[in-house]
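Data first, discussion second: the structure below is written as structure tokens.
The values are calculated or read from the model by the stated rules, or taken from the named source; none is laboratory data. The structure presented is a predicted model; accordingly, all values stated were derived computationally and were not measured. Cβ coordinates were reconstructed from backbone atoms using ideal geometry, including for glycine residues, and neighbour counts include every protein chain displayed. Please note that ligands, DNA and RNA were not included when accessible areas were found on the heavy atoms of the full protein model with its side chains. Shrake-Rupley method; radii C 1.70, N 1.55, O 1.52, S 1.80 Å.
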Amino acid sequence: MIQMAAVVDTEKILGVDTMEETWSCIPNLLIWMIMKRLQCIDNLHLSAVCKHWLNAFHDFPKEEQIPPMSSCNFPWLMVTKDHRGSEREFFSPWTKTKFTVDLPEFAQTFVIDSKNGLLLLLTCDCCEQVQRLFLLNPFTQVKLELPRRPPHLRVNLSAISMLEGTPNCVALAGSYCPGHIAIAHPSDDAWKISTIPFDTHQYIVHMFFVDHYLYLIDNYARALRFNTIDFTMTNGFKGEKVNKFGTEEKGKYFLQCNKEIIKVSSTGLIPYGRFCMNGFTKAAWGFYKYSFSKAAWEPLDDDEIRGKSWILSNCGAKFASAVEGTPVEKVHFLSKLKKKGKGSYCLFSCDLNSPGKDANSYFGNLGKKRTVWINMA
């Protein structure tokens, strides 16, 4: 900051008003020193000041860590009052930080997925017959256009592929045509459509990208690996076909931890409809990772469960993740509670080691505004 003060004093002496140019020419090293002392959201705001600061933000040495940035590993909540408007609220339950972003790109859109600070937005079908899709960083305002929604494909699920921190491609699956998936890169003019062989009453419940592979999870908790380079599938859906509602599990939630696909199951949690805090804290949780070579779910070891917070949801974009480096193992569950045809969003928190003791530890009612998890890391 001493260097900056010296430059400013020189400007006063010369009588030249070049403050804007001066701020945009701060050396990267000085910007990085500032970043180390800022909180996560402040660093995101810093990156939006100008192009030079944005480049410095992305060029920050990977071998160095910014301790305050660790809060970015935890997802945030994005609240939409009115999808037709341009304002969106962002709230961090972990730091109690809340702010509003007003961008014209938000108008008439829904967020259907997020990854590494990018939101995948879809325009509402009530406003446009052929919906638009695009990736948007609400803080740096980087926007990447995608081809318009494929005809006859109503988007129900999506996944974003990131390679070396750059969005590589996006995958979509439909609810009315569950046997089809569409894949496109930001530079493509059209979606590439592939047909997935399905059995009766089978449909996709989740999709994940691991490197160049897209993993599709069906309602029987079986997996299919799809190569996004040559568009080939590996032996169809593999695994034992069981009752899709489960014999003991009342809820199945799928997430990605590093390059592992994880299934979190519950014997006491009601995933849809009526829901109560008492039932949530008494739930018995199970954690499994998928072995593609064995086509089976294997229980996680205790050391793979420890030191993580598990982020789940049964509404909206259904974003889920596991956050490492937490002192207490918890499950945070975003739920839409239905009552008399209307729904309100609630966020519950449960200590895995003593669920009954932690019965009152929850964030409470978020209201009737559309709320989803978003990935800010």
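Brief remarks on what is shown
- Residues being open to solvent by less than 50 Å² (accessible area, probe 1.4 Å) and either assigned to a strand (DSSP E or B) or on the phi > 0 side of the Ramachandran plot (or both) - total across region 178-203: 5
- Every residue from region 93-112 that is closer than 14 Å to Arg370 by Cα and out of contact with any Lys or Arg (no Cβ under 6 Å at 6 or more places or on another chain): Thr109, Phe110, Val111, Ile112
- With respect to the conditions (1) open to solvent by 60 Å² or more (accessible area, probe 1.4 Å); (2) at pLDDT below 90; (3) more than 15 Å from the chain's Cα centre (by Cα); (4) not aliphatic (A, V, I, L, M), Phe139 falls short on a single one, namely (1).
- Residue within region 150-157 that is within 13 Å of Phe226 (Cα to Cα) and assigned by the TED database to the domain that holds Gln131 present: no
- Qualifying residue in region 275-288 (condition: at pLDDT below 80, closer than 30 Å to Phe237 by Cα and out of contact with any Pro (no Cβ under 8 Å at 6 or more places or on another chain)): yes
- Subset of region 114-126 [assigned to a strand (DSSP E or B) and open to solvent by 20 Å² or more (accessible area, probe 1.4 Å)]: Lys115
- Residue in region 97-112 that is touching a helix residue (DSSP H, G or I) at 6+ places or on another chain (Cβ under 8 Å), assigned to a strand (DSSP E or B) and either modelled with pLDDT under 85 or loosely packed, with under 14 Cβ neighbours inside 10 Å (or both) present: yes
- Qualifying residue in region 160-177 (condition: open to solvent by less than 10 Å² (accessible area, probe 1.4 Å) and assigned to a loop (DSSP other than H, G, I, E, B)): no
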